[in-house]
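Below is one structure; the comments refer to it alone.
The values are calculated or read from the model by the stated rules, or taken from the named source; none is laboratory data. Given the structure is predicted, the values throughout are model-derived calculations rather than measurements. We place every Cβ from the backbone using ideal geometry, glycine too, and count neighbours over all the protein chains shown.
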Amino acid sequence: MEISKAELSSAAAASSGMGAQSEELMGAEVLVKALQAEDVKFVWGYPGGAVLYIYDAFYKQDTIQHVLVRHEQAAVHAADGYARATGDVGVALVTSGPGLTNAVTGIATAYMDSIPMVIIAGQVPTPAIGLDAFQECDTVGITRPIVKHNFLVKDAKDLAMTMKKAFHIARTGRPGPVVVDVPKDVSFKKVAYHGYPEKVEMRSYNPVRKGHGGQIRKALQLLLTAKRPYIYSGGGVLLGNATQELRTLVDMLGYPVTNTLMGLGAYPASDRKFLGMLGMHGTLEANQAMQNCDVLLAVGARFDDRVIGNPKHFAQNERKIIHVDIDPSSISKRVKVDIPIVGDVKDVLTELIAMIRESDTRPDAEALSGWWKAIEGWRSRDCMKYDRDNTEVIKPQRVVETLWNLTKDSDAYITSDVGQHQMWAAQYYRFDEPRRWINSGGLGTMGVGIPYAMGIKLAKPDSEVFCITGEGSVQMCIQELSTCLQYNTPIKIVSLNNRYLGMVRQWQEIEYSGRYSHSYMDALPNFVKLAEAYGHVGMLIERPQDVEPALREARKLKDRTVFMDFRTDPTENVFPMVQAGKGITEMLMGSEDL
Ligand SMILES: Cc1cc2nc3c(=O)[nH]c(=O)nc-3n(C[C@H](O)[C@H](O)[C@H](O)COP(=O)(O)OP(=O)(O)OC[C@H]3O[C@@H](n4cnc5c(N)ncnc54)[C@H](O)[C@@H]3O)c2cc1C
Ligand SMILES: Cc1ncc(C[n+]2csc(CCOP(=O)(O)OP(=O)(O)O)c2C)c(N)n1
Ligand SMILES: [Mg+2]
């Protein structure tokens, strides 16, 4: 970890002749100034040799709080959770080599869900790059496929502008993670600092915000003459802060609306016009409406395979598709659309709403009433029913529903890990507000739940933050319970412990004739004692009648992190379910369909 003499002398030589003027700063100091200029409040990170000058610069400032995690993966997840909840750019700092490789899962997770982040990675000194130096890895090469952009800073003079570009790229257009690779000598070298750049221009990067007026007009015509219209909204509505515009549009038109897993909260789940989530574990009514609509308005949603199911089945019904997306490469990627509108969802919806206000045409009330009748028919099947009154075993859905009932009037944030519990959280917690549901959809990364929760709790200290998890996922970043204690981020962990990698077990039951190959979670730790060992409160809940009292008790412990180990029905499956290769309306509704 020590700075070698060679490193010091080569960096000193590089910076000699520049004089010791007061505006001269070390690269590391320029980097910290850049973060301050970007109004960064928190950085999650883990130190190592290559970033020690940067850590030294952090030591000398007091506007940015650095959070020392226990694993670099969690640093990126925590910053990512913070970004999802606040809309700001999340920042993580890792050292070279293993620090960076540990961060890779976090970066890929943010990339798949289009989350704005800047990840600063230390690198070996520039003269050592390519020489198999200690803790060297090809950061730019390793991260290239999982970043929106990456930079290797070769000269400290470029640091300020590179940081400016990194933040600009991360937060504009389709957001995404940007990696800035900073060799150790670059962080050590002194350069003249003329202040943080005010403007940034990149010839080849000019994301379009405003949609094409002619295309929006065409969309308007289609929408207002539709007989069976449907609005399919996704994560882009949250990323583009266009929740209000979406709500106004739906209210003006009176059309049914669905959200993807990533879009939950963009439209209030408690409104009748909301048909629930669509897709593999969506509601019957949401999927039927998707299949049977005649005009589909897709906003900030990318026709994921979990939403479309078998594309051939999806194409069997004819419908006109309008697709609003800021990324032209998202359009007609998986499903061919009729009216592409490239632009920011907020700008486009604002224009569309203005055009509807001006238009003399009104939605076809008679056709709409028939369409709603069909939808109510599907809805009356009550596809989300489950054995709610079971007194023998805790049904996982009941835990989530109880949590929702208790917290629906408070400003609660819900994170989840990946698996069955994630789907039950999405189905049974009814999100009415944006950015309250924080989960990994695109990469489906087990282990995000605790880091997401602790990242959010720092940003929203007055809000309750719950992490709905499984006993499998929670063990992937459980070491962060230690970070929660150190930084006083009291979160509530709701572990739906079914003693199985439940989602895997479910697939093995349904698709592999019940051959449960390595999906049973044997030799689990005593989570109550584990929580206590980390300085927190642990609770074991085994009976259905104890679910509500336990949640109430945990909420009362406002200043403590509480780990609730709910022993849930190990055989429960997530329904409805669209099996691999099936169409979105070819759903399994319950165990009776197996
Ligand atoms: C176990 C598991 C099960 C799952 N089951 C389901 C399921 O049943 N249903 C489901 O929906 N998903 C499910 N998913 C999630 C799924 O894999 C995808 O992550 C999700 O469907 C993608 O959501 P989205 O289309 O809203 O796109 P996102 O990934 O949120 O992408 C957002 C889109 O909006 C665009 N965009 C971004 N910003 C703007 C802006 N300002 N203006 C305009 N456009 C913008 C982007 O370019 C992108 O195309 C599951 C995931 C897991 C792990
Ligand atoms: C890092 C990672 N490894 C493997 C998987 C595949 N996978 C998806 S869900 C799941 C099981 C999750 O088990 P648990 O956390 O107990 O949740 P449950 O499904 O039982 O609710 C697995 C292994 C994944 N999504 N992420
Ligand atoms: Mg499990």
For ALA580, work out the one condition from (1) over 28 Å from the mean Cα position of the chain (by Cα); (2) surrounded by fewer than 15 Cβ atoms within 10 Å (Cβ to Cβ) it doesn't fulfil. (1)
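Inspect the range 305-313 for any residue being surrounded by fewer than 20 Cβ atoms within 10 Å (Cβ to Cβ) and touching a Leu at 6+ places or on another chain (Cβ under 9 Å) and give the result as yes or no.
Residues of the range 305-313 that are surrounded by fewer than 20 Cβ atoms within 10 Å (Cβ to Cβ), as a first pass: 305-306, 310-313.
Subsequent filtering for residues that are touching a Leu at 6+ places or on another chain (Cβ under 9 Å) retains 306.
Yes: the range 305-313 contains one or more residues that are surrounded by fewer than 20 Cβ atoms within 10 Å (Cβ to Cβ) and touching a Leu at 6+ places or on another chain (Cβ under 9 Å).
From the set of residues in the range 478-513 that are within 16 Å of ligand 1 (Cβ to nearest atom) and part of a loop (DSSP other than H, G, I, E, B), which is surrounded by the most Cβ atoms within 10 Å (Cβ to Cβ)? Don't jump to the end; show me each part of the working.
Step one: list which residues in the range 478-513 are within 16 Å of ligand 1 (Cβ to nearest atom), which gives 496, 498, 500-511.
Filter once more, keeping what is part of a loop (DSSP other than H, G, I, E, B): 498, 501.
On the way: ASN498: 24, LEU501: 22.
Here the residue is ASN498.
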Exactly one of these conditions fails for PRO549: (1) part of a helix (DSSP H, G or I); (2) in contact with a strand residue (DSSP E or B) (Cβ under 8 Å, 6 or more places away or on another chain); (3) not polar (S, T, N, Q). Give me its number. (2)
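Residues are listed down the side, and each one gets a yes or a no for (1) polar (S, T, N, Q); (2) more than 19 Å from GLU201 (Cβ to Cβ):
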site: PRO145; (1), (2): no, yes
site: LYS157; (1), (2): no, no
site: LYS164; (1), (2): no, no
site: ILE169; (1), (2): no, no
site: VAL180; (1), (2): no, no
site: SER187; (1), (2): yes, yes
Residue in the range 68-75 that is assigned to a loop (DSSP other than H, G, I, E, B), over 27 Å from THR143 (Cα atoms) and either at pLDDT 95 or above or out of contact with any Ser or Thr (no Cβ under 9 Å at 6 or more places or on another chain) (or both) present: no
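Determine which member of the set ALA374, ALA412 is away from ligand 2 (no atom under 15 Å from the Cβ) and either within 30 Å of the chain's Cα centre (by Cα) or crowded, with 24+ Cβ neighbours inside 10 Å (or both).
Details: ALA374 fails: either within 30 Å of the chain's Cα centre (by Cα) or crowded, with 24+ Cβ neighbours inside 10 Å (or both).
Result of the check over ALA374, ALA412: ALA412.
Looking at the range 257-273 only, could you name the residues that are away from ligand 2 (no atom under 16 Å from the Cβ) and either buried (at least 24 other Cβ atoms within 10 Å of the Cβ) or of a type in the set (Asp, Glu) (or both)? Working first, answer last.
Our first condition is that a residue be away from ligand 2 (no atom under 16 Å from the Cβ); within the range 257-273, this holds for 257-260, 263-273.
Within the range 257-273, VAL257, THR258, ASN259, THR260, GLY263, LEU264, ALA266, TYR267, ASP271 meet the criteria.
In the range 553-568, what residues are buried (at least 20 other Cβ atoms within 10 Å of the Cβ) and in a loop (DSSP other than H, G, I, E, B)? Walk me through it before giving the result.
Step one: filter the range 553-568 for residues buried (at least 20 other Cβ atoms within 10 Å of the Cβ), giving 554, 561-566, 568.
The one that is buried (at least 20 other Cβ atoms within 10 Å of the Cβ) and in a loop (DSSP other than H, G, I, E, B): THR561.
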Filtered residues of the range 569-592 (kept if in a strand (DSSP E or B) and touching a Pro at 6+ places or on another chain (Cβ under 6 Å)): MET587
Suppose we filter the range 404-445 for residues that are within 12 Å of ligand 1 (Cβ to nearest atom), more than 16 Å from ARG84 (Cα to Cα) and either in a strand (DSSP E or B) or among the β-branched types (Val, Ile, Thr) (or both); how many remain? 1
When you look at GLY106, is it within 16 Å of ligand 2 (Cβ to nearest atom), buried (at least 22 other Cβ atoms within 10 Å of the Cβ) and not in a loop (DSSP other than H, G, I, E, B), yes or no? yes
Which count do you get for residues in the range 417-439 that are over 16 Å from THR402 (Cα atoms) and polar (S, T, N, Q)? 2
Single match in HIS313, HIS323 (criterion: more than 14 Å from ligand 1 (Cβ to nearest atom) and at pLDDT 95 or above): HIS313
Residues MET539, MET503, MET476: which one is in contact (Cβ under 8 Å) with a residue 24 or more places away in the chain, within 9 Å of ligand 2 (Cβ to nearest atom) and over 16 Å from PRO396 (Cβ atoms)? MET476
So which of SER513, SER519, SER482, SER463 ends up being at pLDDT 95 or above and within 13 Å of ligand 3 (Cβ to nearest atom)? SER519
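Each row is one residue, and each column tells you yes or no for (1) farther than 20 Å from ARG379 by Cβ; (2) assigned to a loop (DSSP other than H, G, I, E, B); (3) of a type in the set (Lys, Arg).
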{"residue": "LEU249", "(1), (2), (3)": "yes, no, no"}
{"residue": "GLY282", "(1), (2), (3)": "no, yes, no"}
{"residue": "MET290", "(1), (2), (3)": "no, no, no"}
{"residue": "ALA301", "(1), (2), (3)": "yes, yes, no"}
{"residue": "SER329", "(1), (2), (3)": "yes, no, no"}
Please give the number of the condition GLU351 fails out of (1) within 21 Å of ASP113 (Cβ to Cβ); (2) in contact with a Gly (Cβ under 7 Å, 6 or more places away or on another chain). (1)
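Quick check on this structure: which one of GLY300, GLY343 is within 14 Å of ligand 1 (Cβ to nearest atom), touching a Ser or Thr at 6+ places or on another chain (Cβ under 8 Å) and under 18 Å from VAL237 (Cβ atoms)? Spell out how you get there, then give the answer.
Working: GLY343 fails: touching a Ser or Thr at 6+ places or on another chain (Cβ under 8 Å).
After applying the criteria, what remains is GLY300.
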Would you confirm whether or not the range 437-452 contains a residue that is assigned by TED's automatic domain parsing to the domain that holds SER410, more than 16 Å from ligand 3 (Cβ to nearest atom), touching a Phe, Trp or Tyr at 6+ places or on another chain (Cβ under 7 Å) and within 25 Å of TYR386 (Cα to Cα)? yes
Does the range 526-541 hold any residues that are surrounded by 13 or more Cβ atoms within 10 Å (Cβ to Cβ) and assigned to a loop (DSSP other than H, G, I, E, B), and which are they? TYR534, GLY535, HIS536
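Considering ASP364, ASP417, ASP387, ASP432, which residue is of a type in the set (D, E, K, R), out of contact with any Lys or Arg (no Cβ under 9 Å at 6 or more places or on another chain) and at pLDDT 95 or above? Spell out the reasoning first.
Numbers: ASP364 fails: out of contact with any Lys or Arg (no Cβ under 9 Å at 6 or more places or on another chain); ASP387 fails: out of contact with any Lys or Arg (no Cβ under 9 Å at 6 or more places or on another chain); ASP432 fails: out of contact with any Lys or Arg (no Cβ under 9 Å at 6 or more places or on another chain).
The conditions single out ASP417.
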